[in-house]
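The values are calculated or read from the model by the stated rules, or taken from the named source; none is laboratory data. Since this is a predicted model, take the numbers as computed values, not measurements. Heads up, the Cβs are rebuilt from the backbone with ideal geometry, glycines too, and the neighbour counts pull from every protein chain shown.
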Amino acid sequence: MSETAAVDAQVRGAAGVPLLAVDGVRKRFGGLTAVKGASFTLAAGEIVGILGPNGAGKTTLFNLLTGFIAPDAGSVKLDGHELKGLAPYRIVNRGLARTFQLTRPFLGMSVLENVLVACLAPRVRHRMASEEHARRILDQVGLREKAASPVEVLPYGDLRRLEIARALATDPRLLLLDEPFAGLGSSEIEPLANLIKRLHREENLTILIIEHKLREFMALVSRVIAMDFGEIIAVGTPAEIVRHPRVIEAYIGRTEGDGAAA
Amino acid sequence: MKVRAIDIGGAIGAVALLALAPVLGNSGYLTGVLTLCVIYAIWAASWDFMSGLTGRENFGHALFIGAGAYTAGFLATVYFANPWWSLPLSVVVAMAFAVIVGFPTLRLRGPYFALAMLSAAAIMQRLMLIFWEQTGGEEGLYGLEPLINSPLHYYWFVLAVMVVTAAVLMLLARSHWGLILRAIKGDEATCQAAGINVTFYKIASLMISAAFAGLGGALYAHYQLQVSPPLFSVITSITIIIMVYVGGMGSIWGPVLGAILLTLLTEMLRGFGEYRLWIYTLVLMLILFFLPGGLVAPLWRRLTGARS
Ligand SMILES: Nc1ncnc2c1ncn2[C@@H]1O[C@H](COP(=O)(O)OP(=O)(O)OP(=O)(O)O)[C@@H](O)[C@H]1O
Ligand SMILES: [Mg+2]
């Protein structure tokens, strides 16, 4: 097997028919090309990481997949259906949900109300009693006791869970998590990783997780897509990625102390 | 916030007091003033439903008011229609204006919506003067018939419309619909991420807001028995916004009371002649400076020991 074919097989994942197919997606901001033609696929049921140093273009890639930013070129297909040109809320209702890197709760509302808003999305509101559904989601992410709290008093770790709860409430098939561990203490990271694992296993969710430190999700993901300067520089298992010369160069070469392999 | 027995009691008491005041006062003048108070209350409540809940401030509510009032005026003077046609048709016309202005501007972020509303109302005011042959120019249209001949009975009718308006808007505001509007106020991007069609909810809410404002405009036209261009004026719009601020934005009933109190205050200050505007402005500035959350709704909550 040629090397490109091998890489291609890895990119495509094990199962064959991709749930998500990203092809040549590109975005320029003025003089800076934040994403330079990214192509990859995700198979249903995979849990994959996106790794890259600050400014690599990871969040921009998420914004392109979810319709928050329109790509200059390329296509994004969910289950074979083109997403490009759809408003973000429509993409959510197709089954692709995301969290924000900087938590963005609805201020002035309770935790339950925050999740309830997402339970009113057309994709779910006709299938389930909204409030019951919202409480079930809060149970799932471990925020049941906080249902009535105003979001303003929520500790940071719970805000991160609320961010996931809101995305889950839309009943996604593919969940994009933008640095879910960012800013968490070491005691909070493991329970959250377990939550994500549980969602992947029990809810049959396909998950794409952004991290800029590989350590956080070594054990979580089966594949890693490494980015640098807006480009996908490597794809492979976590073990392969830590040894990949371009990944080492991207990290060790520039951001000492924030090393991927650390 | 939960509805408590004391809130319902307070509402019934306030409505009863409003209904009986002209009888107890035995004054035709008071009936007239209260009719005006209650019409302003409809306008303030309808402003609050869209702008108070979503945070997208509408600086041209007078557009819908004028549209409703002139609909009543044209029906009376051109088509010689039964005056009761004014009510449903003013609602339809005002909602059409909401779509025309809201559809292109509410999709965008930034000040486009506020500016578009402000200018649309100003343009309509100018158009009423330019097409004076049809609109009667400065003088406007007059010779409208009253809907109900007895001023007291008409007042009670308008009061009933106001109570229904406030009740409908408050029920909507407390429903899932209201939750979505508050979420839009919080963060539109998060709403999108929650799968909510933000543009749809904003436009639909503006249409509901316009419907009640237009209805109030028609009621006003059949109270004054004439309509004229200042109905579209920015002063009308700003007066309503001030009433909402004084009442306490986002509660619907706060702005209702704010509108009634400020309309009464305006009348009471008539005796002060030229000092009236100064006193009025001073009172407003004091309220807005010291009570940025408004006067009426927060005061009631504190007096009755509500938690939030
Ligand atoms: N809306 C925007 N307008 C202009 N430039 C932008 C915009 N969004 C991102 N950028 C730039 O694009 C580049 C990639 O940013 P992006 O947020 O995607 O990086 P990232 O990989 O998520 O980084 P981090 O790990 O810091 O979150 C950065 O240089 C950033 O400054
Ligand atoms: Mg980022």
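Exactly one residue out of A:ALA44, A:ALA87, A:ALA118 is crowded, with 18+ Cβ neighbours inside 10 Å and either at negative phi or more than 16 Å from ligand 2 (Cβ to nearest atom) (or both): that is A:ALA118.
Which members of segment B:296-308 meet the condition of being modelled with pLDDT under 80 and surrounded by 13 or more Cβ atoms within 10 Å (Cβ to Cβ)? Spell out the reasoning first.
Filtering segment B:296-308 down to residues modelled with pLDDT under 80 leaves B:305-308.
Passing the criteria: only B:ALA306.
Within segment A:54-70, residues that are within 14 Å of chain B (Cβ to nearest Cβ) have Cβ atoms under 7 Å from residues that are within 6 Å of ligand 1 (Cβ to nearest atom) in these pairs: A:THR59/A:GLN101; A:ILE69/A:THR60, counting only partners at least 6 apart in sequence or on another chain. Taking segment B:1-106 and the helices (runs of 4 or more DSSP H) fully enclosed by it, the elements with 1 or more residues that are within 17 Å of B:GLY247 (Cα to Cα), among the aromatic types (Phe, Trp, Tyr) and in contact (Cβ under 8 Å) with a residue 40 or more places away in the chain are at B:28-47.
Evaluate the following for B:ALA210: is it within 28 Å of A:PHE68 (Cβ to Cβ) and either more than 14 Å from chain A (Cβ to nearest Cβ) or among the hydrophobic types (A, V, I, L, M, F, W, C) (or both)? So B:ALA210 fails the test. How many residues are within 23 Å of A:ASN93 (Cβ to Cβ), among the small types (Gly, Ala, Ser) and within 13 Å of ligand 1 (Cβ to nearest atom) if we restrict to segment A:17-75? Going through segment A:17-75 one residue at a time, the tally reaches 1.
Cβ-Cβ contacts under 9 Å between residues 6 or more apart (or on different chains), taken from a first residue in segment B:218-232 that is more than 22 Å from B:ALA120 (Cβ to Cβ) to a second residue that is acidic (Asp, Glu) and not in a helix (DSSP H, G or I), are listed as B:HIS222/B:GLU145; B:LEU225/B:GLU145. How many residues are in a loop (DSSP other than H, G, I, E, B) and surrounded by 15 or more Cβ atoms within 10 Å (Cβ to Cβ) if we restrict to segment B:285-295? Residues flagged as in a loop (DSSP other than H, G, I, E, B) and surrounded by 15 or more Cβ atoms within 10 Å (Cβ to Cβ) within segment B:285-295 amount to 3.
Within the set of pairs 6 or more residues apart or between chains, which connect a residue that is free of Cβ contacts under 8 Å to residues at least 40 places away in the same chain inside segment B:264-293 to a residue that is in a loop (DSSP other than H, G, I, E, B) with Cβ atoms less than 9 Å apart? Between residues of segment B:264-293 that are free of Cβ contacts under 8 Å to residues at least 40 places away in the same chain and residues that are in a loop (DSSP other than H, G, I, E, B), the close pairs are B:LEU291/B:GLY248.
Going by the conditions given, is A:GLU188 assigned to a helix (DSSP H, G or I), within 14 Å of chain B (Cβ to nearest Cβ) and either more than 16 Å from ligand 2 (Cβ to nearest atom) or in contact with a helix residue (DSSP H, G or I) (Cβ under 6 Å, 6 or more places away or on another chain) (or both)? Before the answer, list the steps.
Working: assigned to a helix (DSSP H, G or I): yes; within 14 Å of chain B (Cβ to nearest Cβ): no; either more than 16 Å from ligand 2 (Cβ to nearest atom) or in contact with a helix residue (DSSP H, G or I) (Cβ under 6 Å, 6 or more places away or on another chain) (or both): yes.
In short, no.
Based on this model, can you work out whether A:VAL117 counts as of a type in the set (Val, Ile, Thr) and part of a strand (DSSP E or B)? In short, no.
Any residue at all in segment A:99-113 that's crowded, with 17+ Cβ neighbours inside 10 Å, within 16 Å of ligand 1 (Cβ to nearest atom), aromatic (Phe, Trp, Tyr) and more than 27 Å from B:VAL198 (Cα to Cα)? Checked segment A:99-113: no residue is crowded, with 17+ Cβ neighbours inside 10 Å, within 16 Å of ligand 1 (Cβ to nearest atom), aromatic (Phe, Trp, Tyr) and more than 27 Å from B:VAL198 (Cα to Cα).
Among the residues of segment A:124-180, the ones that are surrounded by fewer than 20 Cβ atoms within 10 Å (Cβ to Cβ) and either within 16 Å of ligand 1 (Cβ to nearest atom) or within 21 Å of A:VAL48 (Cα to Cα) (or both) come to 1 in all. Exactly one residue out of A:LEU86, A:LEU96, A:LEU42 is away from every other protein chain (no Cβ under 14 Å) and not hydroxyl-bearing (Ser, Thr, Tyr): that is A:LEU42.
Checked against the criterion of being modelled with pLDDT of 95 or more and among the charged types (D, E, K, R), the candidates A:LYS36, A:LYS27 yield just one match: A:LYS27. Just one of (1) in a helix (DSSP H, G or I); (2) buried (at least 20 other Cβ atoms within 10 Å of the Cβ); (3) more than 14 Å from chain A (Cβ to nearest Cβ) fails for B:LEU147. It is (1).
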